[in-house]
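Here is the structure we will look at.
The values are calculated or read from the model by the stated rules, or taken from the named source; none is laboratory data. It should be emphasised that the depicted structure is a prediction, and the values quoted were computed from it without experimental measurement. Reconstructed Cβ throughout: ideal geometry from the backbone, glycine too, with neighbour counts over all protein chains shown.
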Amino acid sequence: MSVQFQVERLGAQGDGVADTPSGPVFIPFTLPGERVTAAREKDRAELLAVLETSPLRVEPACRHFTECGGCALQHLEMQVYLDWKRDKIVQALASRGIDAPVSATIACPPASRRRVVLSARRTEAGMMLGYNRAMSHRIIDIEECPISLPGIVASLGKLKALAGLICNTAEPFHLAVTLTASGPDVAVSGAGRLAEKVRLAISDFAIREGFARVSLDGETVVEPKKPVVLFGEVAVTPPPGAFLQAVESAETEMALLVMDHLKRAKKALDLFAGAGAFALRLAARSEVHAVEGDQAALAALDRGFRFGEHLKRVTVEKRDLFRRPLTFKELNAYDGLVFDPPRAGAEDQCKQIARSEVPLVAAVSCNPATLARDLRILIDGGYTLKTVTPVDQFLWSPHVEAVALLEKPKKRR
């Protein structure tokens with residue numbers, strides 16, 4: 001049944017929120033101040049029509065917007081959108097009683113995302129390749145993607161053809177596509193087992209179409225060229241499906257903040273180091289010890305260091321920092337550190353950092369809630385939170401990165 005709603009504010013996931021006597025109702029693709037009709041189901045509603053339009057509403061950049069679940073906020077004026085992302089950080093900090101300077105959000109330009117995860121499925125009508133519809137398992141077959149690098153968009157037809165070759169399942173599967181300096185690096189998961197003749201067909205296809213690498217469930221099927229990404233001036237070949245910051249310019253902005261904060265550190269520590277996005281940049285000035293739980297990522301980091309030029313010494317350590325965080329005594333050997341954990345944050349590691357005497361700490365996070373929790377631990381341990389900078393790496397989505405910089409005065413001996 002169609003119901004009229006008055007939208008009051010934006011929710012945490014970018015939906016418009018209408019307050020009703022029975023509680024808030026979340027209506028995707030609506031904006032504060034709009035009067036809309038929508039079909040309600042419990043606390044959510046599907047937009048049917050906008051009766052009164054907000055002056056903040058703009059024309060979406062993509063024909064698939066509102067169908068594709070990849071973007072939530074293409075209809076919101078850009079400066080208001082960036083301020084909303086900053087406010088997500090401010091509110092998360094306030095929830096932990098933290099009042100600190102929060103900078104303006106560093107914007108993410110369109111057509112800049114180098115890594116996307118596409119869904120694929122074989123249907124009676126042929127292969128589908130795109131993103132899932134919001135709140136659904138239905139795949140929207142895309143023809144454009146304004147967040148992605150043009151090289152990825154230009155490869156959509158080839159990627160669909162590759163999906164057709166590699167598919168050996170009736171279920172949906174995924175292609176993590178990274179556009180590297182050597183060409184597309186495609187990590188496929190959940191597509192089923194490959195017969196030998198299919199492997200040969202995939203190899204021929206990848207070589208012919210200029211793919212750098214195709215892997216299936218972590219196993220390299222074909223690698224005509226080493227996929228290469230640059231961390232500063234250092235070339236690295238990440239392992240198949242490895243974590244990589246989605247937007248190169250966002251990674252650079254975050255790294256510059258970290259490097260400037262740790263510039264006085266002679267010995268630096270990179271925790272949750274991945275393949276070396278921070279460690280290999282810091283090594284231009286400092287000796288660096290990189291700690292990571294993924295052996296393949298560490299090996300890529302180590303190779304990057306060994307073939308890099310004009311770098312200080314970089315050492316690596318495989319260690320599960322969730323099960324065995326570095327102790328405060330181990331940390332005290334360093335002048336500065338950076339940590340960039342998964343969304344769960346680094347609670348136990350932060351408890352050790354809080355007890356340490358490391359004077360300079362940079363915290364990088366993709367989750368405002370766990371960042372605020374971890375910063376509270378560090379502040380209670382004697383650190384001063386100097387600045388927090390939001391970084392919009394996931395354009396038109398509710399996600400926001402942040403870099404927090406902290407200091408602690410050294411104890412007199």
Every residue in the stretch 307-332 that is under 19 Å from ASP348 (Cβ atoms) and either part of a loop (DSSP other than H, G, I, E, B) or of a type in the set (S, T, N, Q) (or both), please.
ARG319, ASP320, LEU321, PHE322, ARG323, ARG324, PRO325, LEU326, THR327, ASN332
Failed item in (1) surrounded by fewer than 19 Cβ atoms within 10 Å (Cβ to Cβ); (2) without any contact (Cβ under 8 Å) to a residue 60 or more places away in the chain; (3) farther than 16 Å from LEU406 by Cα; (4) within 26 Å of the chain's Cα centre (by Cα), with ALA297 passing the rest
(1)
What residue, of PRO341, PRO390, is in a loop (DSSP other than H, G, I, E, B), touching a residue at least 60 places away in the same chain (Cβ under 8 Å), surrounded by 15 or more Cβ atoms within 10 Å (Cβ to Cβ) and not β-branched (Val, Ile, Thr)?
PRO341
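Here's the yes/no breakdown for (1) closer than 23 Å to VAL188 by Cα; (2) out of contact with any helix residue (DSSP H, G or I) (no Cβ under 8 Å at 6 or more places or on another chain); (3) not assigned by TED's automatic domain parsing to the domain that holds ALA344:
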residue	(1), (2), (3)
GLU223	yes, yes, yes
LEU257	no, yes, no
LEU262	no, no, no
GLY274	yes, no, no
ARG281	no, no, no
Might you check whether a residue that is modelled with pLDDT of 95 or more, surrounded by fewer than 19 Cβ atoms within 10 Å (Cβ to Cβ), touching a helix residue (DSSP H, G or I) at 6+ places or on another chain (Cβ under 7 Å) and not basic (Lys, Arg) occurs anywhere in the stretch 363-378?
yes
Sort out for me the helices (runs of 4 or more DSSP H) sitting completely within the stretch 121-240 that have 2 or more residues that are within 21 Å of the chain's Cα centre (by Cα) and not charged (D, E, K, R).
150-154
Output yes when any residue across the stretch 368-383 is under 29 Å from GLU233 (Cβ atoms) and free of Cβ contacts under 8 Å to residues at least 60 places away in the same chain, and no when none is.
no
Consider LEU331 against the criteria (1) surrounded by fewer than 17 Cβ atoms within 10 Å (Cβ to Cβ); (2) closer than 18 Å to LYS266 by Cβ; (3) of a type outside the set (S, T, N, Q): it satisfies all of them except one. Which criterion is unmet?
(1)
Every pair of residues 6+ apart whose Cβ atoms lie under 8 Å, when the first sits in the stretch 168-190 and is within 14 Å of LEU149 (Cβ to Cβ) while the second is acidic (Asp, Glu):
VAL177/ASP185; THR178/ASP185; LEU179/ASP185
Give the residue, chosen from ASP99, ASP15, ASP43, ASP87, that is farther than 18 Å from GLU401 by Cβ, without any contact (Cβ under 8 Å) to a residue 12 or more places away in the chain and out of contact with any Lys or Arg (no Cβ under 6 Å at 6 or more places or on another chain).
ASP99
Residue list for the stretch 143-173, filter: in contact with a helix residue (DSSP H, G or I) (Cβ under 7 Å, 6 or more places away or on another chain), buried (at least 18 other Cβ atoms within 10 Å of the Cβ) and farther than 25 Å from VAL198 by Cβ
CYS145
Criterion violated by ARG40 - all others in (1) at pLDDT below 95; (2) assigned to a loop (DSSP other than H, G, I, E, B); (3) out of contact with any Cys (no Cβ under 8 Å at 6 or more places or on another chain); (4) surrounded by 15 or more Cβ atoms within 10 Å (Cβ to Cβ) satisfied:
(2)
Within the stretch 187-197, residues in contact with a helix residue (DSSP H, G or I) (Cβ under 9 Å, 6 or more places away or on another chain), aliphatic (A, V, I, L, M) and modelled with pLDDT of 95 or more come out as VAL188, ALA191
For GLN79, all conditions in the list (1) in a loop (DSSP other than H, G, I, E, B); (2) within 30 Å of PRO101 (Cβ to Cβ) hold save one; what is the number of the exception?
(1)
Return yes or no: is THR178 surrounded by 15 or more Cβ atoms within 10 Å (Cβ to Cβ) and within 23 Å of ALA235 (Cβ to Cβ)?
yes
List the residue pairs whose Cβ atoms are under 6 Å apart, where the first residue sits in the stretch 119-142 and is assigned by TED's automatic domain parsing to the domain that holds GLU46, the second is among the small types (Gly, Ala, Ser) and surrounded by fewer than 10 Cβ atoms within 10 Å (Cβ to Cβ), and the two are 6 or more positions apart or on different chains.
none
Meets criteria (surrounded by fewer than 20 Cβ atoms within 10 Å (Cβ to Cβ) and outside the structural domain of SER148 (by TED's automatic domain parsing)) for ALA242:
no
Yes or no: ALA235 of a type in the set (A, V, I, L, M), surrounded by 15 or more Cβ atoms within 10 Å (Cβ to Cβ) and within 20 Å of HIS174 (Cβ to Cβ)?
no
Pick out the one residue from PHE173, PHE231 that is touching a strand residue (DSSP E or B) at 6+ places or on another chain (Cβ under 7 Å) and among the aromatic types (Phe, Trp, Tyr).
PHE173
Exactly one condition in (1) touching a Ser or Thr at 6+ places or on another chain (Cβ under 9 Å); (2) at pLDDT 95 or above is false for LEU230; which is it?
(1)
